[in-house]
1. List the lysines whose alpha-carbon lies under 16 Å from that of A:LYS50, not counting same-chain residues fewer than 8 positions away?
2. Summarise the partner chain shielding of B:255-264 as one whole number: the mean count of Cβ atoms from other chains within 10 Å of each residue's Cβ.
3. Using +1 at the Cβ of each Lys and Arg and -1 at the Cβ of each Asp and Glu in region B:1-113, identify which of B:MET108, B:GLY36, B:THR9 lies farthest towards the dipole's positive end.
4. For chain B, what does the helix formula give at 222 nm: sum of -39500 (n - 2.57) over DSSP H segments with n ≥ 4, over the residue count, nearest 500 deg cm²/dmol?
5. When N counts the residues of region A:7-46, how does its alpha-carbon radius of gyration compare numerically with 2.2 N^0.38 Å, as a ratio?
6. Using a/c under 1.5 as the rounded threshold, could you call chain B rounded, prolate or oblate? The axes a ≥ b ≥ c are square roots of the C-alpha gyration tensor eigenvalues, and prolate needs a/b larger than b/c, oblate otherwise.
7. Rounded to the nearest 20 debye, what is the charge dipole size of the protein assembly as shown about its Cα centre when +1 sits on each Lys and Arg Cβ and -1 on each Asp and Glu Cβ?
8. Considering amide H positions built from the backbone, and no H for Pro or chain starts, which residues 5 or more places from B:GLY6, or on another chain, come under 5 Å of its amide H?
Amino acid sequence: MTDDQPIPGTVMFDGAMAMKGYALNKMCYSFNNRENREEFLADQEAYMEKYGLNEAQKQAIRDKVVLDMIAAGGNIYYLAKFAGIFGLSVQDVGAQQTGMTVEAFKNKLLEQGR
Amino acid sequence: MATVVGGLTTSHIPAIGGAIAKDLFQDPYWKPFFDGYPPARDWLARVKPDVAVVIYNDHGLNFFLDKQPTFAMGAAAEYRNEDEGWGIPTIPAFRGDPKFSWHLINSMVADEFDLVTCQEMAVDHGFTVPMQLFWPDYTYTQVATVPLCVNTVQHPLPSPRRCYRMGQALGRAIRSYPEDLKVVILGTGGLSHQLDGQRAGFINKAFDTLCMDKIADDPEYFLDMSIPDLVREAGAQGAEFILWLAMRGALGDRVTERHRNYHIPISNTAAGLICLESVA
C-alpha cells in the first residue's frame, strides 16, 4: 500500500526544510508573545534582521505570500501565527495559496461535504 | 487497579475555541458540529472517568523546532493554556496528576517507549478544544489530565503502527496502576484536512468514512500505511489520524461504539467525533 511518489501541491516539512526555514519559523514562533507582535509591527525590517531571516524569507514576509514562505522553509503552524497578526484566517491563507477568492475557497470546502 | 473506560476522538480546530468563546452553538454553520457532543457528554456522565489522558499534537506553543520530541508526556500538577498568537482567548488551567503521570512514564519507558518528560507544559488548542468540548462551561477541572504530545509538526512523524503500539503500551501502563482510577483516552485532531500548499482545502470524505468505520473493530487495517500514504489520503494535517490510532491502541482488543458524528467543513477540516467504550 505504500507509495513514495511526491504528493502534488504538498511540501513535506522534513529535516532539510526545518534547517532551511529555522530563522523564519523562529521569528513566527516569537509571535506567541504579544510584545513581540507589537515590536514586529512597529519595525518589520528590524525585527526580521534580529531573527536573521535571509532575503527570500524577508521578501516573502514583506509580500505576505504564503507559498513563498513555505518554499523558504516556513512551517504552516508557525506561519499561521504570522497570518494571525494580520487577522488572516486559514480560509484566507487557503484561498491565497490556491489562487481562489476567499468565497470560492469556502464554497469548495462546503461542496466537499455535499 | 486503574481501568480504561473507553476513548473519545474529536477534531481540535482552533476556530472551535473561538466559537465556544462567542457562544455560537446555535449558529447555522456551527450547530451540526456542536450538536454531535451532548451524547458523548452523556456517556462521560455515565462512566465517570477520574482522569483523561489527552493524546494531541502541539502546534508551536510548548515546543519549537529547537527541541521537537516525538512523544512527550506531562508530569505536572497543572497545565496552562497560553497565547497562541492569533487571538483565541486563553482559558483557566487544567488539573494534572503527577503521581499517575510518573507511573505511566516509568511503565512506558520500561516498555520501550522513551518519552520526553515535562514538569512544565503549556497546552494549546490541540489539547484545550477537546477538553472544552467534552467538559463544557469550564467543568474540565472535574477530571485530572495527562497530556501526551505526539510530533505532527516536523517529519519524520511516528508511523501509524508505532503510534498504535505506543497506545498499547499506554494501556498496559494504566492497567498496572494500583489505585482504582477510571481513565478515558482522548485521541484528538483529524480528520482529513490540509492547510498548506496548492493542495490546501483538500478533504477526503471516503477515507474519513473508512477511518470512522474501522477504528472500533479493525484499527490494524491502517497499520501498514506510511506517513506519506496518510498525507496523500487525509491531507498534510490529516496525518493527525495517528493520534486516533494511539488512542485506539490503549483501549484493548474489544470496544463498543457508543456514538459518532461527522461534519464537513469546520474551518478547513472534516470534523470527526467518535465515542468508544472498552469491553472488559
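Please treat every number below as a calculation from the coordinates, not as lab data. As the structure is a prediction and not an experimental result, all values here were calculated from the model. Backbone-built Cβ (ideal geometry, glycine too); neighbour counts: all protein chains shown.
1. Cα-Cα hits under 16 Å: A:LYS26, A:LYS58.
2. Details: counts 0, 0, 0, 0, 0, 0, 0, 1, 1, 6.
Across the residues of B:255-264, the mean count of other-chain Cβ atoms within 10 Å is 1.
3. Sorting the options by dipole projection puts first B:GLY36.
4. Values: 9 runs with 89 residues, N = 280.
After summing the helix terms and dividing by residue count, I get -9500 deg cm²/dmol.
5. My calculation over the Cα atoms of region A:7-46 gives 1.51.
6. Numbers: a/c = 1.22, a/b = 1.15, b/c = 1.06.
Verdict is rounded for chain B.
7. On the way: 35 positive and 48 negative charges, 96 e Å.
Charge dipole, the protein assembly as shown, about its Cα centre: 460 debye, nearest 20.
8. B:ILE185, B:SER278
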